[in-house]
Amino acid sequence: MELGSIGMFFQISALILCLASVTAYIYAYLTKAYNIKSIGNYLFIGTTIAIVIASIVLFTAFAVSDFSIAYVAHYSDNSLPMFYKISAFWGGQAGSLLLWVLLLVIFGTIELFRIKKMNDTYQLGVMLIMAGTTLFFTLLVSFLQNPFELTRIVPNDGSGLNPLLQNPGMVIHPPTLYVGYVGFTVIAAHSLGAILSRDFSATWVKMARPWSMIIWAFLTVGIVIGAWWAYVELGWGGYWAWDPVENASLMPWFTATAFLHSAYVYEKTGKLKVWTFILLIITFELTILGTFITRSGLIDSVHSFAPHPIGYYFLVYIVISAVVYIIALTSNKEFKELIKQDEEEFKFLSRTGLVLISNWLFLAISLAIAFGTLTPIFTGANYTISYYNRATAPFFMFIFLASGFGLLTGFKISNIVKYRIRLIISFVVAAAGVIIMAALGYTNKMSLALNFTIFFSASAVLIRTFTSFKSGGLKSVLQANRFYGAMIIHIGLVIIAFGIVMSSFYSFKGEYSVKPDFVLDYNGYTFQVGSYSNLQEKNYISEFVPIKIYKDNELITTAYPEMRTYNRRSDEVFREVSYYSLFTGDLYFALYTINPDDSSMVILFIHQPFVSWIWAGCIIMVIGAFFGAFTFKRKEKDTQDNKKSYLIAEK
C-alpha cells in the first residue's frame, strides 16, 4: 500500500474517532452520565495514536522522497538535504495544519491524565475544548488541505522547498510558534472546566500555571527566531518590518503577557478574575486570527501561504468559539459576583491596580497593531513602518513605567514611604543612564525617552530582586522560584527592549560598488574586499566574496556574504548574509550583485548597534519562564476564596 493511502487511512480514522469523542463528551455533560466520559477519553487517545501514525507517515514520505504524494512533490526534491526534508513537513499549508493537529492531540492526551483527580464536570470542560478544536482542524486537513493527496502522474523529482525556508531558523520557528499558539487551547480548556464547574477559585489557574509559562516562552522564542530569520535571510539588515504575519504573532503575545500578570493577581489576591478570563479568550482567538491572516491570502506578506478559502473557516470558528465561551461565562450565576469582588477594595496605586493599567496598555497596543494589519482588507490602504513605530512607542513607554511602579509597590498600599524611596532610586538611576547615553553620543530624543523608561524598569527589577534576596537569602531562590523566574524574565525583556531601541535609532547603512582589494574604513574598523568565487553545493550554486575585517591593523575574522542559485529555482537569486557580532553591535554584509565583465560587486554594509542583545534577552526570558513554571519548594497561603474548591473529585 502506498504511503499516501496509509496516511489518509489514519487521518480519516482520527477524524471519525475525534467526532465520536466529542459526541461522547457532549452527551456525558448534558445527561450527567459521567461514565460515558471514559469512553470519550479512550476515543481521544485513539485519535492521538492515529494522528501520530499519520504524521510519522508524512515524515517518512519526505525522508524517502515519495513524490506520489502531491504535498511531498511540491515541497521537496531529490537534492534537498535531509535536514530540510524533515522540516518541509510544515513548509506548506497542509503539513503545517497537520502539525497543529499533532500538537493538539499530544497536549490533550497529557491533560487527560493530568486532570484525573479533578471532578467530572471540570474534566469534561477541558476535554470538550481539546477534542472540539482537534475536530475542527482535523476536518480542515481531511477535506480542504489534505497532505496525503496523491498525484495523478508521479514525477521523477519534486519542485523543491522554497529557498527562503532552507534556513535553520525556519526549522525551529514554525514548531515553536505553533506550540505557543496551540498551548493556549490547553489554558482556555482549563478555564472552561472552571466555568462549567462554577468554581472560580484559583485552582484552575494553578493547574494551568506550568502551561502558561512554558507556552508563553515558546511563543516568545517563535517570534524572536522569526525576527532572527528575517535578519539573516532576507538581506535588508532589519529584523522586524511590521509585516502582517509578524504582527499576527505579536498581538497574542501582548495579550498573553497581560493574561500572565492578571492570572498572578487572580491567584494571589482573588482580584482581576473577570479580566483573566477575558484576556485568555482574547489571546486564544488571536492565535486563530493569526492563522487566518497567514492562510487566507487576503493580506500580502512574505510569510503567508498562497491564497485559499480555508481562511474563512477560521473566522467562523473564531465567532462560534467566542460566543460559546462568553455565554458560558456570563450565564454563570457567579459571574456578577465576580465583577463585584473585582471592584471591592480596589486601589489603582497598588500592584493590582498597576497590573490592570498594564492590561489596558497591552490591549491598546494590540488594537493599534490590529488596526494597521486588518484595515487593508477593507480599504486597500497599507500602513508603513512609521505608523507602527509612532502608534506603539508611547504604549511601550507607559508599559515599562507601569512595570517599574508595579514591581516597587505592594498589592495593598501599606508603607508608602518605603515605596517612595524605591521609586526615587529608580528614577535617579534611569536619569543617570540617559545622561550617560547622551554623553556617549546617543542623543536622539525619542530614543532617550524610551531608554529612560527601560532603565527605570530595569532598576525596579534589580531593586526588587536585591531586597527579596537580602531578606530571604540563597534558599529563597528555590522556595520563591516563581518570583525569581519573573525577575529573570523582566531582566531579559529590558535587555531586548534596549537592543531594539539602539538598533532602530542608531544603525548605519551603506551600499558600495566595489572591486577586489577595495578598502572601507568604518569607526575604527577596516574592511578589505577580496575576489568573488563560485562553489557548487548539493542543491545550489554559491557565489561569494571574502571580506576581511581588521581592528587596529589586526585581522579579526573574515565575512563571506553570498548569492545562491538553487537547482529548482535557477531563475532567482537568494542572498545569504554574513555578520560579525560584537557586544556593542553587528557588522553586517550582504552581496547584492556581481558583474563578471569587470569583477565589480555591490555590497551592502550595515552596523546594527546592540542587535545581539535581542537574541540574548530572549534566551534569558526563556530561562526565567522555565525556572518559574514549576514549584520547587514553597508553602503557599491561599486567598479566602481559594480555601474551598469544588474542583477536586470527591471520594
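Worth pointing out:
- Of all accessible heavy-atom area on region 519-605, the percent that carbon and sulfur account for (1.4 Å): 44
- Ranked packing of 281-289, 228-236, most packed first, by mean Cβ within 10 Å: 281-289, 228-236
- Per residue accessible area in Å² of region 46-168, where ligands, DNA and RNA are left out and the probe is 1.4 Å: 33
- Sequentially through region 371-385, phi angles give Karplus couplings (6.51, -1.76, 1.60; θ = phi - 60°) of 4, x, 7, 8, 4, x, 4, 9, 10, x, 7, 9, 9, 7, 4 Hz, Gly and Pro residues having no value and appearing as x.
- All Cα-Cα separations within region 1-160 were binned at 5 Å from zero, giving a P(r) of 2, 10, 19, 19, 15, 11, 9, 7, 5, 3, 1, 0, each value a whole percent of the pairs.
- Estimated vicinal HN-Hα couplings, Hz - region 242-252 in sequence order (Karplus 6.51, -1.76, 1.60; Gly, Pro = x): 6, 5, x, 6, 4, 4, 5, 8, 6, 4, x
- Modelled FRET efficiency - R0 60 Å, Ser476 with Thr151, Cβ distances, 0.05 increments: 0.45
- When the Cα positions of Val105, Ile424, Met397 are compared along the charge dipole of the chain, Ile424 comes out farthest toward the positive end, with charges on each C-beta of Lys, Arg, Asp and Glu.
- Close amide H contacts of Gln145 (hydrogens built in the peptide plane, cut-off under 5 Å, sequence separation of 5 or more or a different chain): none are found.
- Region 197-202 - phi-based ³J(HN,Hα) in whole Hz, Karplus 6.51/-1.76/1.60, Gly and Pro as x: 7, 6, 10, 10, 6, 7
- Whether region 395-501 is rounded, prolate or oblate, judged on the alpha carbon gyration tensor where a/c under 1.5 counts as rounded: prolate
- Exposure check, 1.4 Å probe, all protein chains in place: Ser578 carries approximately 20 Å² of accessible surface.
- Along the axis of the charge dipole computed for the chain (Cβ charges of +1 for Lys and Arg, -1 for Asp and Glu, origin at the Cα centre), the listed residues Pro168, Ile320, Leu555 are led at the positive end by Ile320.
- Rolling a 1.4 angstrom probe over region 41-135 with all protein chains present gives an accessible area of which 73% lies on carbon and sulfur atoms.
- Sparsely packed chymotrypsin sites (Phe, Trp or Tyr not before Pro) within region 1-100, loop by DSSP, other Cβ within 10 Å at most 16: Tyr34
- Rounded to two decimals, the Cα radius of gyration of region 246-299 over 2.2 N^0.38 Å is 1.32.
- Over all Cα atoms in the chain, the spread is summed up by Rg and Dmax: 26.7, 86 Å.
- Cα centroid separation, region 223-290 to region 117-174 (Å): 22
- Considering only Gly238, Thr291, Ser159, and ranking their Cα positions along the charge dipole of the chain that arises from unit charges at the beta-carbon of Lys, Arg, Asp and Glu, the one farthest toward the positive end is Thr291.
- Loop GluC sites (Glu not before Pro), region 562-600 (other Cβ atoms within 10 Å of the site Cβ: 16 or fewer; DSSP): none
- Long-range amide H partners of Met118 with built H, under 5 Å: Ala649
- Taken per residue, the accessible surface of region 442-515 reaches 46 Å², heavy atoms only and a 1.4 Å probe.
- Largest accessible area first, the listed residues Asp571, Asp243 line up as Asp571, Asp243 when surface is computed with a 1.4 Å probe on the assembled protein chains.
- Relative to the Cα centre, the charge distribution of the chain, modelled as +1 at Lys and Arg Cβ and -1 at Asp and Glu Cβ, gives a dipole magnitude of about 3240 debye.
- Close amide H contacts of Ile69 (hydrogens built in the peptide plane, cut-off under 5 Å, sequence separation of 5 or more or a different chain): Thr151.
The values are calculated or read from the model by the stated rules, or taken from the named source; none is laboratory data. Only a predicted model underlies this, so the values are computations on that prediction, with no experimental measurement involved. Counting neighbours? That spans all protein chains shown, and the Cβs are built from the backbone with ideal geometry, glycine included. Just the protein is used for accessible areas: all its heavy atoms, side chains included, with ligands, DNA and RNA removed. Shrake-Rupley method; radii C 1.70, N 1.55, O 1.52, S 1.80 Å.
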